[in-house]
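Undergrad: Take this structure first; my questions come after.
The values are calculated or read from the model by the stated rules, or taken from the named source; none is laboratory data. Note that the structure is a prediction, hence the values are computed from the model and not measured. All Cβ positions, glycine included, derive from the backbone under ideal geometry; neighbour counts span all protein chains shown.
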Amino acid sequence: MINFFKSFSTWIIIAVIAAILPLIFDSSFSLTLLSKMGVLIIFTVAYNMLLGQGGMLSFGHAIYFGLAGYASIHILNGIGEETLPYFPTVLFPFIGAIVGLFFGSLVGYVSTRRAGTAFAMISLGFCEMVTAMTLIFVIFFNGEDGIQTDRMVGPEPFGITFGPQIEIYYLILFWCLVAVALMYIITKTPFGRMSNAVRDNPERAAFIGYSVRRVRWQAFALSSMFAGAAGSLHALNYEHIGFESVSVVQSGAVLFMAFIGGAGHFLGPIVGAIGLTYLDSTLADVTEAWLLYLGLTFSGIVMFAPGGLAGLIVMHGPIARTDKKLLISLIKPYCLAISSVITGLIGLIGIIEMLYFRSLISKGEGEVVIFWTEFNANGIMSWLIFIALILVGIFLSKKTFPLAKESWDHAISVVKTEISNE
Amino acid sequence: MDVILFTLFNGLLYGMLLFMLSSGLTLIFGMMGVLNFAHASFFMLGAYFAYQISKYIGFIPALFIAPLIIAFCGAMVEKYALRRVHKFGHVAELLFTFGLFYIIEELVQMIWGKVPVGYHVPEYMDFTLFSMSGMGYQAYAMFTLVVSIAMFIVLFSVLTKTRAGLIIQAALTHPEIVSSLGHNVPKVFMLVFGLGCALAGLAGVLAGNTLGTEPSMALSLGPIVFVVIVVGGLGSLKGALVASILIGIVQTTAISLDYSINNFIELIGFSVDIESLWRILIDLTISQIAPILPYLLLVLMLIFRPRGLFGNRDV
């Protein structure tokens, strides 16, 4: 019971902080950013029901997100032209959820026989099919232009028109909290546990009498339902939907968020959605190579930290619970390791930026600004500096990483002996 | 008649190209369980390398050098990255290659720019070989067809007739036993991965100048290659061949067919006068829906025969 109140109060605190945020950062840029984050948090957590909880890697989850968006836009337009009866804007995520659930059940039925790589391949096939359809069935999807809408339709209860961005933000925030709480509860139900069991060991799950395919199908449909709700909010937020929202690019983006944040932990995707949305909005203006950095980060996470950022943090949970001093003793080796990596990264970023600069911008000029400093991309000196930084970074990493790992191993072994002594 | 022959010819050409891509992918998948998302990226790299090499020393050397470089790149990817990820399972390997796909696409943009590069058919093969009823068949297309068929014969005989091929086939199904016989199975895997990538690279060299060499070419062909290996049956080389040619012919035929459902309805003597949405649906011609046909085939296959044409296990 105490645990329940503890976690409940955490939720309340997060909700209050999220509600105050737009009052502090009240520029239109940050409001748009916060709204986008809210939508993508729902989408990413929904996606993680599949990837993290159910063990199904999908390259096509944007289908349900995008189709729900298209449906919502058509209904909004219908209400605007008074060909459809009025439906309260507040409840639009329900429309998206129904659309997502419908298509999710349909596609899930044929594709969830096996998980793993075969499932991933099929999901990509479906995604490509729907993307191709958006360009063919122009009457519904309107091709590459997408569809516009106006979200201010019908009566205005309590004077809320959902015209101003701030009202949409609170709508998104409300549904974000509801959806995330629901998805959290689902992970705690017997169904959620069964979904984990099917992920970890399908044979055993089948032996105790569960239909593995059925469990996967249900997880797929539920996940699509929440993705659909997110798609509806996305449509309301932008008042526009285009073919890219059903495409493999959108599916890849949500995969990046969920996995870099940490697919193994419930909070991971939320961290990933917030972090990557922020970086996407800010870094994309600063550097041309943003997608390259994203790809490199993702591959690095897959290779060295498959638990994602959340996994790295959770790794230290038992150490923090046993003895705070142990955790503090880890700070020094970690700082050394991180700073040596950063040295190498600065060099790598410098090289990449200069290469991009040389290939995209006219050859005549040579001044490129990297880290608020001007470098001459044509001069040998700036290349030598960055290459030297990379080499120093690699050299230092080789020294400091074993040290960091050693101290972690030491800390965890202390924890183990403490536990076995109890 | 001539038109049919012509379409079949083009379909076969496209099919053989798909096979060159999918054979490597299905070999790697059957052998190691690794689904290489970046496979089509190696195809793209093949085209770009060929462009760069043919700019300096000509097309024919590029035909040999580019696949070799790609094979080396692929082997390095396997040795230094995939092998490390292997312990986290096949999904992690797929995720890694997904990241690699992004990296290669961005690197290509970084080096060669975002617009298509001028990789052209060599001049001495840019003439009409023969023509039937007004349509000419380019000599280069014939050259591509001959090279891809030759490649197929070589690949098939290496896999079935030589000692190395037998070891590869054995490692496909019984890696432990092959390894206890004293063969270095990880090395075999690395070589097969390199070989698969080289095949994709060769396809890139051959097709880059007709399909266009641009950074988005990997994304436009990659998903179709996945469809081919699911339809053919996972890990089956024979299935990949049949499915490639099937999809090649279906797609090239569909583009030239200007019939819609409405035409058929009128043909049997009915006329439909419905308005609105359905009207547009039945007026769609086959050539308009050509891009989704491979995926439609995938869905139908999943519903009616989940193991694919020649596969031995359900997808």
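Undergrad: Filter the range B:90-130 for residues that are of a type outside the set (A, V, I, L, M, F, W, C), crowded, with 17+ Cβ neighbours inside 10 Å, more than 7 Å from every other protein chain (Cβ to nearest Cβ) and more than 19 Å from A:Phe357 (Cα to Cα) and give the result.
TA: Selection gives B:Glu93, B:Thr97, B:Tyr119.
Undergrad: Something else now. Would you confirm whether any residue within the range B:70-89 is at positive phi, without any contact (Cβ under 8 Å) to a residue 12 or more places away in the chain and surrounded by fewer than 18 Cβ atoms within 10 Å (Cβ to Cβ)?
TA: Yes.
Undergrad: Taking the criterion of being within 14 Å of chain A (Cβ to nearest Cβ), of a type outside the set (S, T, N, Q) and under 20 Å from B:Ser216 (Cα atoms), would at least one residue in the range B:70-83 satisfy it?
TA: no
Undergrad: Do we have A:Gly104 as under 23 Å from the mean Cα position of the chain (by Cα) and either farther than 30 Å from A:Leu21 by Cβ or within 14 Å of chain B (Cβ to nearest Cβ) (or both) here?
TA: It is true that A:Gly104 is under 23 Å from the mean Cα position of the chain (by Cα) and either farther than 30 Å from A:Leu21 by Cβ or within 14 Å of chain B (Cβ to nearest Cβ) (or both).
Undergrad: Just wondering, is there one or more residues in the range A:234-250 that are of a type in the set (Gly, Ala, Ser) and within 13 Å of chain B (Cβ to nearest Cβ)?
TA: Yes, because at least one residue in the range A:234-250 is of a type in the set (Gly, Ala, Ser) and within 13 Å of chain B (Cβ to nearest Cβ).
Undergrad: I've got another one for you. Restricting the range A:138-149 to residues that are touching a Leu at 6+ places or on another chain (Cβ under 8 Å) and buried (at least 18 other Cβ atoms within 10 Å of the Cβ), which is farthest from the other protein chains (Cβ to nearest Cβ)?
TA: If we take residues in the range A:138-149 being touching a Leu at 6+ places or on another chain (Cβ under 8 Å) and buried (at least 18 other Cβ atoms within 10 Å of the Cβ), then A:Thr149 is farthest from the other protein chains (Cβ to nearest Cβ).
Undergrad: Are any of the residues in the range B:147-162 polar (S, T, N, Q), within 24 Å of B:Ala50 (Cα to Cα) and part of a helix (DSSP H, G or I)?
TA: Yes - at least one qualifying residue is present in the range B:147-162.
Undergrad: Of B:Leu211, B:Leu202, B:Leu172, which residue is surrounded by 14 or more Cβ atoms within 10 Å (Cβ to Cβ), closer than 22 Å to B:Ile53 by Cβ and either in contact with a helix residue (DSSP H, G or I) (Cβ under 6 Å, 6 or more places away or on another chain) or acidic (Asp, Glu) (or both)?
TA: Unique residue meeting the criteria: B:Leu202.
Undergrad: So, restricting to helices (runs of 4 or more DSSP H) that lie completely within the range A:278-341, which ones have at least 3 residues that are buried (at least 18 other Cβ atoms within 10 Å of the Cβ)?
TA: Values: elements: A:290-304, A:308-314, A:317-322.
Those helices (runs of 4 or more DSSP H) span A:290-304, A:308-314.
Undergrad: Return only the number of the condition from (1) in contact with a Phe, Trp or Tyr (Cβ under 9 Å, 6 or more places away or on another chain); (2) of a type in the set (A, V, I, L, M); (3) within 30 Å of B:His90 (Cα to Cα); (4) more than 14 Å from every other protein chain (Cβ to nearest Cβ) that A:Met56 does not satisfy.
TA: All conditions pass for A:Met56, except number (4).
Undergrad: Can you name every residue in the range A:343-376 that is outside any strand (DSSP E or B) and at pLDDT below 70?
TA: Those that are outside any strand (DSSP E or B) and at pLDDT below 70: A:Leu360, A:Ile361, A:Ser362, A:Lys363, A:Gly364, A:Glu365, A:Gly366.
Undergrad: Here's another thing I want to ask about it. If you check B:Ser41, B:Ser23, which single one turns out to be away from every other protein chain (no Cβ under 14 Å), of a type in the set (Ser, Thr, Tyr) and surrounded by 18 or more Cβ atoms within 10 Å (Cβ to Cβ)?
TA: Numbers: B:Ser41 fails: away from every other protein chain (no Cβ under 14 Å).
Being away from every other protein chain (no Cβ under 14 Å), of a type in the set (Ser, Thr, Tyr) and surrounded by 18 or more Cβ atoms within 10 Å (Cβ to Cβ) holds for just one of B:Ser41, B:Ser23, which is B:Ser23.
Undergrad: Go through B:Leu12, B:Leu18 for me and flag whichever is more than 14 Å from chain A (Cβ to nearest Cβ), touching a helix residue (DSSP H, G or I) at 6+ places or on another chain (Cβ under 7 Å), surrounded by 24 or more Cβ atoms within 10 Å (Cβ to Cβ) and closer than 21 Å to B:Ile255 by Cβ.
TA: B:Leu18
Undergrad: Could you list all residues from the range B:219-235 that are farther than 13 Å from A:Leu124 by Cβ and surrounded by 24 or more Cβ atoms within 10 Å (Cβ to Cβ)?
TA: Result: B:Val231, B:Gly232, B:Gly233, B:Leu234.
Undergrad: Residue under question is A:Thr134, and the condition is that it be within 14 Å of chain B (Cβ to nearest Cβ), in contact with a helix residue (DSSP H, G or I) (Cβ under 6 Å, 6 or more places away or on another chain), within 30 Å of B:Ile289 (Cα to Cα) and among the hydroxyl-bearing types (Ser, Thr, Tyr); does it hold?
TA: Answer is yes for this residue.
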